[in-house]
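Here's the structure, in structure tokens; my notes come after.
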Amino acid sequence: MNYNPTFDALYGTITDVRNNGKLDESYCFRGKKRRYIQVWDAEERPLLVSGTGTKTESVNDGKRNLTLIYKDSILVSCYSIRKAENDTIYHKTDKIASPKEGFNAFTPKLAEAISYPILAQLVGKEGLVYISFFVEKNGKLSEIKPTTNEGFRMEAKALKQLAKLPPWHPATFQGRPVKSEYTLPIRYKLVD
């Protein structure tokens with residue numbers, strides 16, 4: 001859903017299928033533009049009429065209800081509602097959540113703050129860890145947790161520093177701050 005410069009030259013049609021082989025969605029790319037041709041529910045019933053419709057499904061073993069809203073073949077809204085927590089997380093926003101100092105200043109500052117685990121250095125272990133968290137409406141980071149397990153306390157070192165971070169600028173949707181989910185990759189690389 002996020003723009004990538006390599007999309008500029010992307011042209012074609014893609015049809016995704018579910019794990020059980022049933023149709024999920026069909027869309028086409030024309031450079032930066034993504035247009036949905038059709039989306040289907042779990043029973044393969046088409047949901048879009050003239051490119052407009054809504055798809056709702058249960059995800060994460062029933063812990064979330066995901067809703068996607070399409071208008072004129074464009075995905076205009078995507079959010080999930082967590083049942084137990086009774087909250088809404090926006091996945092498609094007008095503006096993504098970001099550190100107050102901006103990503104260009106944030107990334108090197110975070111890299112400097114995270115110490116390389118000593119045992120990993122001794123054995124020459126490098127790794128890529130992913131840390132997932134929510135950015136609340138007020139910008140506070142919550143539910144910070146790893147989604148990988150590289151070992152050697154790599155995730156623990158990253159979690160420790162992320163827990164100390166000040167609030168971010170929250171994501172916005174239709175001009176208002178919303179709760180969003182963010183996954184941050186952190187690479188551990190040895191240098192000579």
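The values are calculated or read from the model by the stated rules, or taken from the named source; none is laboratory data. As the structure is a prediction and not an experimental result, all values here were calculated from the model. Neighbour counts are summed over all protein chains in view; Cβ atoms, including those assigned to glycine, are modelled from backbone coordinates with ideal geometry. Ligands, DNA and RNA are excluded from the accessible area calculation, which covers all protein heavy atoms including side chains. Shrake-Rupley method; radii C 1.70, N 1.55, O 1.52, S 1.80 Å.
Numbers for the structure displayed
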read-out	value
Check on residue 70, modelled with pLDDT under 95 and among the aromatic types (Phe, Trp, Tyr)	no
Selected residue (only one of 71, 92 is over 18 Å from the mean Cα position of the chain (by Cα) and not small (Gly, Ala, Ser))	71
Which listed residue, of 160, 164, is surrounded by 13 or more Cβ atoms within 10 Å (Cβ to Cβ), over 20 Å from the mean Cα position of the chain (by Cα), at pLDDT below 95 and over 15 Å from residue 187 (Cβ atoms)	160
All positions within segment 76-101 that are out of contact with any Lys or Arg (no Cβ under 7 Å at 6 or more places or on another chain) and part of a strand (DSSP E or B)	76, 79, 95, 98
So residue 115, is it open to solvent by less than 20 Å² (accessible area, probe 1.4 Å) and either in a helix (DSSP H, G or I) or among the small types (Gly, Ala, Ser) (or both)	no
Where residue 137 falls short, out of the listed (1) without any contact (Cβ under 8 Å) to a residue 12 or more places away in the chain; (2) open to solvent by 60 Å² or more (accessible area, probe 1.4 Å)	(1)
Checklist (1) touching a strand residue (DSSP E or B) at 6+ places or on another chain (Cβ under 8 Å); (2) in contact (Cβ under 8 Å) with a residue 24 or more places away in the chain applied to residue 174, failing item	(1)
Condition check for residue 96: modelled with pLDDT of 95 or more, open to solvent by 80 Å² or more (accessible area, probe 1.4 Å) and of a type in the set (A, V, I, L, M)	yes
Cβ-Cβ under 8 Å pairs, at least 6 apart or on other chains, segment 75-100 side more than 27 Å from residue 39 (Cα to Cα), far side open to solvent by 30 Å² or more (accessible area, probe 1.4 Å) and among the charged types (D, E, K, R)	84/63
Residue that is modelled with pLDDT of 95 or more, more than 27 Å from residue 182 (Cα to Cα) and hydroxyl-bearing (Ser, Thr, Tyr), where the choices are 13, 52	52
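Conditions (1) assigned to a strand (DSSP E or B); (2) open to solvent by less than 60 Å² (accessible area, probe 1.4 Å); (3) at positive phi, marked per residue:
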residue: 12; (1), (2), (3): yes, yes, yes
residue: 15; (1), (2), (3): yes, no, no
residue: 20; (1), (2), (3): no, no, no
residue: 25; (1), (2), (3): yes, yes, no
residue: 29; (1), (2), (3): yes, yes, no
residue: 35; (1), (2), (3): yes, no, no
residue: 38; (1), (2), (3): yes, yes, no
residue: 43; (1), (2), (3): no, no, no
residue: 57; (1), (2), (3): yes, yes, no
